[in-house]
Structure formats: C-alpha cells, structure tokens
Amino acid sequence: MDYDIKDIKLRAEGKKRILWAKQRMPVLATIGERFSKNKTLKGLKIGACLHVTTETANLMITLKCAGADVYLCASNPLSTQDDTAASLVKDYKIPVFAIHGEDNKTYYKHLKSVLDKKPNITMDDGADLVTALHKLKIDWAFYGSSEETTTGVIRLKAMANDNALKIPVLAVNDSYTKYMFDNRYGTGQSTIDGILRATNILLAGKRVVVAGYGWCGRGFAARVKGMGAHVIVTEVDPIRALEATMDGFEVMPMNIAVKTGDLFVTLTGDKSVITLKHLKAMKDGAIVANSGHFNVEIEMNKLEKAASSKKEIRENTMEYTLGKKHVYILGEGRLINLAAAEGHPAEVMDMSFANQALAAEWFYQNRGKLKPQVYKLSKKLDNEVASLKLKAMGVKFDRLTPEQKKYLNSWQEGT
C-alpha cells in the first residue's frame with residue numbers, strides 16, 4: 001500500500017483517539033451502519049483533502065466500510081495529527097499522504113498522490129484538490145466533489161462565475177447542519193482552545209478584536225465574551241456590522257481597533273485582513289491569530305521581511321520585533337484551532353461529516369446527470385441529519401399537524 005506519513009509507530013495512540021471520537025459521532029455511525037450493510041459506495045474511489053484529525057478518520061473509515069477505496073491527504077500543512085495518520089494506515093489500511101509541518105512542495109506532492117489514484121469523487125476543505133484537479137485532463141469516470149468550508153465554496157463559486165468550473169460541486173458548507181453548528185459552535189470553542197494552548201493567557205479583561213462577523217466570527221465573539229473579554233468587531237458588510245452592534249459588540253474599522261486591541265483573531269476567509277501597517281500600529285505585546293483559512297489573512301510574508309528579528313517564545317507562538325515593539329503570531333498565521341489544538345470537537349464534526357458521507361452517496365446516485373455548477377444538499381437531507389442528531393441527544397421535538405401543513409401551503413386563509 002502506497003502512503004507517506006511521519007511514523008507508523010505512532011498508530012497505537014492514534015487508534016485510541018479515533019475510537020474516542022467515534023463514540024461522540026452517532027449521526028455518522030447511523031449513516032455508516034446503512035452504508036456498510038448496503039455497500040452503498042462499492043467500487044468507488046474517493047480522494048479526500050481534509051484536515052487529518054480523528055474526526056476525519058472516522059469519516060474515512062465510514063466510506064471504506066461502504067465499499068469505497070479511500071485516499072487521504074491534508075488540507076493544511078499544520079493540521080495533520082501524525083498518530084491519526086499512522087493508525088489509518090496500519091489499523092484501517094487507508095492510504096494517507098500527510099505529515100504535520102510538511103513544506104509547500106511536499107503538501108502539493110501529497111495532493112498529486114491522491115489525484116494519481118484517479119478518484120471518482122473528491123472531498124475538499126479549501127478547494128486545493130479541486131484546483132489541482134482542474135489542471136489535469138480528467139480521462140476517467142468523475143462524478144463530483146464536495147466542499148467542506150466557506151473559503152472553498154467562495155473559490156468554487158468564483159470559478160463557476162468565470163465559467164472555469166469543469167465538474168459538479170456540492171457545497172456541504174452551505175448546509176444548515178454544517179455552517180450553523182460547525183462554523184459557529186465548533187470554531188468558537190476550538191479557536192479559544194488553540195489560543196489558550198499556545199499562550200496560556202487570561203482572556204478576562206482583554207480587548208479582543210474579532211475580524212469578521214460571519215458564523216465563525218459570531219461564534220468566537222460570543223464565547224470569548226462569555227470568558228470576560230471586551231470584544232470589538234471589524235466588518236466590511238454593513239448588515240453584519242449592524243448585527244454585531246445589536247448583539248452588544250463594539251464595531252469599528254481595523255485601523256482604529258489596532259491601537260487598543262490585546263488579541264486579534266481573523267475569521268474572514270479573505271486575504272490581507274491584518275496588514276503590515278496594522279501590525280506596526282499595534283501596541284507592544286499584541287497577540288495575533290487566524291481562524292479563517294489558509295495563511296493569507298495576516299500579511300505574514302511582509303511581516304517576515306519587515307521584522308528586525310523573530311524568535312519562538314512558546315510552541316506555536318513566535319515573537320516578531322518591529323522597531324521598539326513586539327507582536328506575537330500564533331501558529332504561523334495558519335488555522336490556530338488546528339495548528340495549536342485538535343480542531344473542532346467530534347460532536348459538531350459528526351454533523352459536518354454526516355453531510356460529507358451523504359454527499360458521496362448523492363454524487364453516486366446522480367452520476368452522469370449533474371452539470372458543472374455548485375449544488376447544495378437538499379433540505380430533506382439537512383433535516384435528516386438534524387433529526388438523527390436530536391435523537392442521539394435524547395431530544396424530542398414537535399411535528400406539524402396535517403391542518404398546520406395545509407395552512408402553511410394555502411393562500412386562501414387570511415386574518
């Protein structure tokens with residue numbers, strides 16, 4: 001079996017953590033039972049470019065049990081859990097091409113390793129695999145690709161608008177049971193986890209600047225406020241800025257926020273959110289982290305050139321000297337929740353990866369019928385995932401009566 005990981009001897013710890021996550025992913029397990037019984041994906045090759053975590057491992061195992069041949073590479077050089085990769089290879093016979101801290105050349109070599117298998121379906125987190133796929137001549141049966149994150153969906157919609165998209169794509173990120181829970185609760189908690197592991201700072205009393213008030217930003221803002229921080233939001237969207245204001249947060253432009261902020265966190269999915277000019281204007285000792293995507297939200301390249309010196313103060317915390325001041329960058333400006341912590345809790349990834357599993361089934365069921373455009377999972381499947389999650393949590397909810405359904409679909413009844 002072809003694979004490229006750090007150390008196969010790490011598998012024992014990886015397997016223990018994979019099984020721990022499995023216990024907290026009942027929705028994926030329920031779907032997996034059906035998939036395994038029916039061999040829903042038999043004969044398919046699936047190539048995945050996702051964060052190599054214990055939660056992702058359970059998705060890969062589910063797909064393999066459904067009859068698919070699965071190949072996995074990392075969607076971020078710093079997010080790979082080497083023990084998880086080792087267990088997938090040794091215990092579950094799933095080829096993995098991912099090493100924590102791999103350089104850019106190795107990262108793209110690993111993407112190529114997955115595409116060399118000529119997968120029928122791909123799964124992506126950031127659209128790097130799809131972008132690489134578009135540079136190839138697809139001379140094999142290819143059914144579509146699912147996208148996990150906001151940044152990737154933005155890229156894919158841009159490709160579609162430019163008529164550059166050659167394949168059907170399913171925006172898993174746009175499912176309610178993904179972005180309202182994964183993006184909000186998952187990012188909110190795991191971002192704090194990463195920051196605290198990297199710094200061990202006290203959040204109470206800190207002036208925390210949150211760049212971006214989408215679902216990720218509002219999730220983080222709410223949770224860091226709950227820990228006693230004074231939260232400032234920066235936004236470019238007037239509706240979101242208004243929402244942040246009415247949620248009780250102070251809203252201001254970044255060039256004003258930089259003067260007083262203690263901790264800055266970007267959650268936008270865009271580039272140059274914190275520029276070198278912003279970094280130079282920050283007060284001495286300011287801490288900066290990214291929880292959006294990639295490593296472009298902070299102008300790291302310009303900072304590297306402008307700093308007179310840099311040194312590692314703690315693991316995942318780098319001190320940069322700019323004149324007489326110091327700024328601290330966490331996790332190399334990459335996703336702090338994965339660079340310094342373990343990413344989202346399994347309970348929330350349960351729904352996200354249930355959507356990914358259903359996406360693979362959907363592509364297979366609709367093979368040959370789909371156009372090169374961005375699709376969204378149906379409300380029916382979204383509701384199925386939510387219902388399964390509620391059942392697993394022991395929560396019951398009301399259903400519409402026939403009379404209520406008729407009323408909601410009628411235009412004749414008035415006041």
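The values are calculated or read from the model by the stated rules, or taken from the named source; none is laboratory data. The shown structure was predicted, so the numbers you read here are calculated from the model rather than taken from an experiment. Glycine gets a Cβ as well: all are built from the backbone with ideal geometry, and neighbour counts include every protein chain shown.
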Legend entry - Restricting the stretch 314-337 to residues that are of a type in the set (Val, Ile, Thr) and within 24 Å of residue 267 (Cβ to Cβ), the residue that is farthest from the chain's Cα centre (by Cα): 327
Legend entry - Number of the exception - residue 170 against (1) closer than 20 Å to residue 328 by Cβ; (2) assigned to a strand (DSSP E or B); (3) not β-branched (Val, Ile, Thr): (1)
Inset, instruction - Please determine, by comparing only the residues of the stretch 159-178 that are small (Gly, Ala, Ser) and closer than 20 Å to residue 136 by Cβ, which one is surrounded by the most Cβ atoms within 10 Å (Cβ to Cβ). - result: 160
Legend entry - Residues (among the polar types (S, T, N, Q) and in contact (Cβ under 8 Å) with a residue 40 or more places away in the chain) located in the stretch 171-199: 175, 177, 187, 189, 190, 191, 199
Inset, instruction - Scan the stretch 333-348 and report the pairs whose first residue is under 16 Å from residue 22 (Cβ atoms) and whose second residue is of a type in the set (Asp, Glu) and not in a loop (DSSP other than H, G, I, E, B), with Cβ atoms within less than 6 Å and a gap of 6+ or a chain change. - result: 346/55; 348/182
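Residue-wise test of (1) more than 13 Å from residue 125 (Cβ to Cβ); (2) in a helix (DSSP H, G or I); (3) at pLDDT 95 or above; (4) not assigned by TED's automatic domain parsing to the domain that holds residue 352.
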site: 40; (1), (2), (3), (4): yes, no, yes, no
site: 49; (1), (2), (3), (4): no, no, yes, no
site: 57; (1), (2), (3), (4): yes, yes, yes, no
site: 64; (1), (2), (3), (4): yes, yes, yes, no
site: 67; (1), (2), (3), (4): yes, no, yes, no
site: 70; (1), (2), (3), (4): yes, no, yes, no
site: 86; (1), (2), (3), (4): yes, yes, yes, no
site: 102; (1), (2), (3), (4): yes, no, yes, no
site: 113; (1), (2), (3), (4): yes, yes, yes, no
Inset, instruction - Please indicate, with yes or no, whether at least one residue in the stretch 103-119 is crowded, with 22+ Cβ neighbours inside 10 Å and under 20 Å from residue 375 (Cα atoms). - result: yes
Inset, instruction - With the checklist (1) buried (at least 17 other Cβ atoms within 10 Å of the Cβ); (2) part of a loop (DSSP other than H, G, I, E, B) in hand, flag the one item residue 202 doesn't pass. - result: (1)
Inset, instruction - Hey, can you tell me all the residues within the stretch 208-248 that are surrounded by 21 or more Cβ atoms within 10 Å (Cβ to Cβ) and in a loop (DSSP other than H, G, I, E, B)? - result: 212, 213, 229, 235
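Going by what's in this entry, would residue 261 be described as buried (at least 24 other Cβ atoms within 10 Å of the Cβ), part of a loop (DSSP other than H, G, I, E, B), small (Gly, Ala, Ser) and modelled with pLDDT under 95?
For residue 261, the condition - buried (at least 24 other Cβ atoms within 10 Å of the Cβ), part of a loop (DSSP other than H, G, I, E, B), small (Gly, Ala, Ser) and modelled with pLDDT under 95 - is not met.
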